[in-house]
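Only one structure is covered here, and it is reproduced in the block below.
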Amino acid sequence: MSLHPDTTDLIARARSDLRMGVPVVLRSGTAGAVLAAAETLTAPRLAAMQGLSPDTALVITKRRAETLKARAYDGDIARIALGGAADLGWVRAVSEPSGDLETPMKGPFTSQREGRADLHRLALRLNKDARLLPAALVSPVEDAAAVAEANALTLLDADDVARGAESDIHLDLIVSARVPLSLAPQARLYVFRPRDGAEEHYVVEVGAPDRDAPVLARLHSACFTGDLLGSLKCDCGPQLRGALAQMGAEQHGILLYLNQEGRGIGLANKMRAYSLQDQGFDTVEANHRLGFEDDERDFRIGAALLREMGFGAVRLMTNNPAKIAMMERMGIDVVERVPLKVGQTSENAAYLATKALKSGHLL
Ligand SMILES: Nc1nc2c(ncn2[C@@H]2O[C@H](COP(=O)(O)OP(=O)(O)OP(=O)(O)O)[C@@H](O)[C@H]2O)c(=O)[nH]1
Ligand SMILES: [Zn+2]
């Protein structure tokens, strides 16, 4: 038996390298690319990467490129050439929109259009999976393995990373125990750990729901500010407690607490979005200016958890038609939508109106 890390282990290691500011190497054939997260980049590493290749580029999503008025020749991403004057301040300003209004003229930008962009695309995927800003410095190299070895960097096969993103979700039940809740005394908490090393997710089971009948279910995405702090900017806290209260009253139900903070962008990025909202952008515009889609959640996780818990059909508590569509696509039968309209405040009225207008939420 080998002690070597396998592909999944290496991808998990790469995510944590990127968060620490350590570059990783993607290999495709003999050649490949060194990539580093723009957010955690340091000046010495920027200089070292510029030294690796004159084609070193700062890769951003099309969403971010639209805000910056940069060309995205690769469709969903743009490879911005690093002019001679590009320093760490420039990298940060292109990656991070907080100063967009104060210093709007960051260009003109020259986007690369020659050559392949697949490794650049994977670089952004890894950054998003690491819950970092979707902006990466990418330096093409001729001998990927040699560069990785010379610098003691994690070396990943590009095909493996691409396959990893598409592969099935595997979640292992680690433990469960009884946790009586004030709103639902007959509750049990289950902890599930994904095999890819990403965040754990939790399931609250109320009562002993029949596995052969549609279960009253809530797929709740983590919201530290709303669930725990009582933020008035959203309706998450009241929705969480409203769902548990209804399950308590019906004496059965299943609440998935999915650690997909900020619709899958992580708390740091959600706070960046909030800061943009303070500048006047709405919840969807803020995500786009950061380079994210409106909703970056992986709904396969919710479906996989329901199946692990033995359920194939749900009465889903939601106002979000996209959630219903995603569950149906993942093979979960949504027999009924149970509206969950609680927690409207004057502070979150505009947020809820934007969700209704732009994301199709039911009011
Ligand atoms: N990116 C971003 N995420 C936000 C914002 N406000 C709330 N969130 C996150 O949005 C998620 C809310 O998800 P859900 O409670 O599942 O809500 P939903 O998709 O609107 O659907 P239902 O509540 O089921 O109707 C949580 O992860 C919050 O952290 C915001 O302004 N920006
Ligand atoms: Zn919230």
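The values are calculated or read from the model by the stated rules, or taken from the named source; none is laboratory data. In this text the structure is predicted, and so the values were computed from the model without any measurement. Backbone-built Cβ (ideal geometry, glycine too); neighbour counts: all protein chains shown.
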Pairs with Cβ under 7 Å, 6+ apart, first in the stretch 226-245 and among the hydroxyl-bearing types (S, T, Y), second in a helix (DSSP H, G or I) and buried (at least 16 other Cβ atoms within 10 Å of the Cβ): S231/T225
Residues of the stretch 55-72 that turn out to be modelled with pLDDT under 95 and of a type in the set (S, T, Y), as a count: 1
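Restricting attention to the stretch 97-120, does a residue exist that is aliphatic (A, V, I, L, M) and closer than 22 Å to R19 by Cα?
Kept after step one, since they are aliphatic (A, V, I, L, M), are these residues of the stretch 97-120: 101, 105, 117, 119.
With the extra rule that they be closer than 22 Å to R19 by Cα, the set shrinks to 119.
There is at least one residue in the stretch 97-120 that is aliphatic (A, V, I, L, M) and closer than 22 Å to R19 by Cα.
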Top-ranked residue in the stretch 179-199 [being aliphatic (A, V, I, L, M) and not in a strand (DSSP E or B); ranked as surrounded by the fewest Cβ atoms within 10 Å (Cβ to Cβ)]: V179
Selection status of A217, outside the structural domain of T30 (by the TED database), surrounded by 13 or more Cβ atoms within 10 Å (Cβ to Cβ) and within 16 Å of ligand 1 (Cβ to nearest atom): yes
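How many residues are small (G, A, S) and either near ligand 1 (Cβ under 9 Å from one of its atoms) or free of Cβ contacts under 8 Å to residues at least 24 places away in the same chain (or both) if we restrict to the stretch 267-300? I'd like the intermediate steps shown before the answer.
If we filter the stretch 267-300 for residues that are small (G, A, S), which is where we start, we get 268, 273, 275, 280, 286, 291.
Narrowing the set further to residues that are either near ligand 1 (Cβ under 9 Å from one of its atoms) or free of Cβ contacts under 8 Å to residues at least 24 places away in the same chain (or both) leaves 273, 280, 286.
Residues that pass the stated criteria total 3.
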Flag for G230 being within 13 Å of ligand 1 (Cβ to nearest atom), over 16 Å from Y202 (Cβ atoms) and either surrounded by fewer than 19 Cβ atoms within 10 Å (Cβ to Cβ) or not assigned by the TED database to the domain that holds R193 (or both): no
Among the candidates F224, F192, residue that is hydrophobic (A, V, I, L, M, F, W, C), within 16 Å of ligand 1 (Cβ to nearest atom) and closer than 30 Å to T8 by Cβ: F224
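So which of D100, D55 is over 26 Å from D143 (Cα atoms), acidic (D, E) and in the same structural domain as D129 (by the TED database)?
D100
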Lone unmet requirement of (1) over 27 Å from S16 (Cβ atoms); (2) part of a helix (DSSP H, G or I); (3) of a type in the set (F, W, Y) for W90: (1)
When residues of the stretch 200-215 are limited to those that are assigned to a strand (DSSP E or B) and among the hydrophobic types (A, V, I, L, M, F, W, C), the one farthest from Y190 (Cα to Cα): V215
Options L119, L124, L155; residue that is under 25 Å from D9 (Cβ atoms), at pLDDT 95 or above and in contact with a Leu (Cβ under 6 Å, 6 or more places away or on another chain): L119
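Just to verify a result, which residue in the stretch 108-166, among those that are in a loop (DSSP other than H, G, I, E, B) and among the aliphatic types (A, V, I, L, M), is surrounded by the most Cβ atoms within 10 Å (Cβ to Cβ)?
Our first condition is that a residue be in a loop (DSSP other than H, G, I, E, B); within the stretch 108-166, this holds for 108-110, 112-117, 130-134, 142-143, 152-154.
Cutting the leftovers down to among the aliphatic types (A, V, I, L, M) gives us 117, 130, 132-133, 152-153.
Values: A117: 22, A130: 21, L132: 23, L133: 28, A152: 7, L153: 19.
The residue in question is L133.
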